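Undergrad: Sharing a structure here in structure tokens format.
What follows is calculated from the coordinates using simple rules that are stated; it is not laboratory data. Note that this is a predicted model, so its numbers are computed, not measured. All Cβ positions, glycine included, derive from the backbone under ideal geometry; neighbour counts span all protein chains shown.
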Amino acid sequence: MTLGSSNSIVEAGRQAVRAEGRVRTELLEAAYAEPRLRQLFPWTGMGELHFSRCTEQRWTWDIPYIAPGTEDIYWALGPLRSEWVGQVATVQEVIALVVDRLPPNCGAAFVGTPEELATHEATKLDQQKDKDQAQSG
């Protein structure tokens with residue numbers, strides 16, 4: 001699929017998260033205002049805001065997520081549930097914590113499942129290795 005399709009799927013995901021009402025509006029809007037997070041697929045769990053590098057379930061778990069605390073506290077956790085990134089007082093700070101920990105070469109959400117994403121990335125890596133070998137040999 002094209003990047004445009006990815007953008008429309010991600011936007012539909014954002015609208016679904018908004019409609020669910022499980023995530024604070026200011027948190028969702030701040031995440032959407034950040035270009036690097038706006039291109040990732042949003043999803044929720046237990047009031048947390050998660051981001052996926054693919055658009056279909058079982059979404060990726062390689063990006064920290066945000067859990068709201070009391071009124072003026074946000075936690076950045078993950079990507080695994082056992083990992084703690086930090087606790088901050090503002091939405092902007094928690095967004096920055098997540099952005100600082102995005103995987104290398106994290107770009108627009110891949111249209112497909114995590115397995116399809118892994119296959120796509122492996123193919124790209126193999127193609128780059130072949131290209132590098134051709135240039136050096």
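Undergrad: Can you give the extra length, in nm with one decimal, that the chain gains between Ser5 and Thr119 once fully stretched, where that is 0.36 nm per residue apart less the Cα-Cα distance?
TA: Working: separation 114, 0.36 × 114 = 41.04 nm, distance 1.94 nm.
Stretched fully, the Ser5-Thr119 segment lengthens by 39.1 nm.
Undergrad: Okay, moving on. Divide by every residue of the chain the summed helix terms, -39500 (n - 2.57) for each DSSP H run of at least 4, and state the resulting mean residue ellipticity at 222 nm, rounded to the nearest 500 deg cm²/dmol.
TA: Taken over the chain, the calculation gives -14500 deg cm²/dmol.
Undergrad: Taking every DSSP beta bridge with both residues inside the stretch 3-112, roughly what % is antiparallel (nearest 5)?
TA: 95
Undergrad: When only alpha-carbon atoms are used, what values of Rg and Dmax, in angstrom, describe the chain?
TA: 16.3, 60
Undergrad: Counting residues in the stretch 59-137 as N, plug N into 2.2 N^0.38 Å and put the Cα Rg over that result.
TA: 1.50
Undergrad: May I ask you to derive the relative contact order of the stretch 3-112, considering only C-alpha pairs under 8 Å and at least 6 residues apart, and to give it as an integer percent?
TA: 26
Undergrad: Right, something else. At 7 Å along the Cα-to-beta-carbon direction for both Gln15 and Gln87, put a label point, then send me their distance in nm to one decimal.
TA: In this crude spin-label approximation the distance works out to 3.8 nm.
Undergrad: Applying 1/(1 + (r/R0)^6) with R0 = 30 Å to the Cβ-Cβ distance of Gln128 and Ile73, what FRET efficiency is obtained, to the nearest 0.05?
TA: With a Förster radius of 30 Å, E is 0.10.
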